[in-house]
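Peer 1: Once you've had a glance at the structure underneath, I'll fire off some questions.
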Amino acid sequence: MAEQPVRAWRVVLDHIERDLLEGRLNPGDRLASERDLSTDLGVGRSSVREAFRVLEVMGLIRTATGSGPQAGAIVIATPTGGMSQLLRLQVAAHGFPLADVVATRLVLEDATAHALATAHDRDTAAAHRMLAAMDAPDLTPAEFLALDAQLHLALAEASGNTVIAAMMAGLRSSIESYVQAGAASIPDWDDMASRLREEHRALVAAIDAGDAASARALVHAHITGYYTAAGLTRTASTDTIPDSTPDN
């Protein structure tokens, strides 16, 4: 079978990627014009526009028409948008097994708990707002679990690690959908909601106190406990998290 030719827009994409990796392009820099890239790379201007569209969806460039300092394609530093969207699309296409989502969530939230608990300038105000919102007595399970997902995302964002925050944002819909599905298997939802509130408060309290070891243990028990109670997976065990983060 003959080898398929590289699509023209991929040539443009690979060229820009090399420039980024080798430092010839940086956030704030303007890309060459469609005309110049078309001429330099030997591709049609429509292929350059297609590459620009891909880069814009990925959150790597911003494009604007017209003239002046804001016109054209400019490199921007918003990795969370592109990564989150990619993960959301993979989740929507059922590209990730539940066990893998759980294992990844454990790793990410373990790192989040450690980073926040050991940070001197931690800010858990958003998490406390979510805790207060979850105390409302008339929340449906769906509403409660949506706030639950937002709480965990708020902690990831507060950690200051933009990659973890982007991954958590991308996995949020998957996490929320699986958790929502599991709620139907819990015989006493009120009791579970009360338990989850207590676990959330204990986790945030440990983070606020700077107790990284307790925060990590609490978030692990919180996630695996719910998945076990809801009968969602048998793979979320204490062996899931590599003990790679120091507690001091």
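Peer 1: Just by accessible area at a 1.4 angstrom probe, what is the order of Arg53, Arg62 from largest to smallest?
Peer 2: Arg53, Arg62
Peer 1: Grab the other residues whose beta carbon is less than 11 angstrom from that of Leu155, score K and R as +1, D and E as -1, and report the net.
Peer 2: Summing Lys and Arg as +1 and Asp and Glu as -1 gives -2.
Peer 1: Right, another one. Nearest 0.05, what FRET efficiency do Glu198 and Arg10 give at R0 = 41 Å with Cβ-Cβ as r?
Peer 2: In this case the efficiency is close to 0.20.
Peer 1: Once the other residues with Cβ under 12 Å from the Cβ of Arg129 are scored (Lys, Arg +1; Asp, Glu -1), what is the net sum?
Peer 2: -2
Peer 1: Give the Kirkwood hydrodynamic radius (Å, one decimal) of segment 137-227, defined as one over the mean of 1/r across all pairs of different Cα atoms.
Peer 2: Computed over segment 137-227, the radius equals 13.8 Å.
Peer 1: Per the 1.4 Å probe, what fraction of the accessible area of segment 126-213, in percent, lies on carbon and sulfur atoms?
Peer 2: Looking at segment 126-213 in its full context, I get 55 percent from C and S.
Peer 1: A further question on this structure: Determine the per residue accessible area of segment 125-242 with all protein chains present and a 1.4 angstrom probe, expressed in square angstrom.
Peer 2: So segment 125-242 comes to 45 Å² accessible per residue, rounded to a whole number.
The values are calculated or read from the model by the stated rules, or taken from the named source; none is laboratory data. The model shown is predicted, which means the values in this text are computed figures rather than measured ones. Glycine also receives a Cβ, built like all others from the backbone with ideal geometry; neighbour counts cover every protein chain displayed. The accessibility values were calculated without ligands, DNA or RNA, using every heavy atom of the protein model including side chains. Shrake-Rupley method; radii C 1.70, N 1.55, O 1.52, S 1.80 Å.
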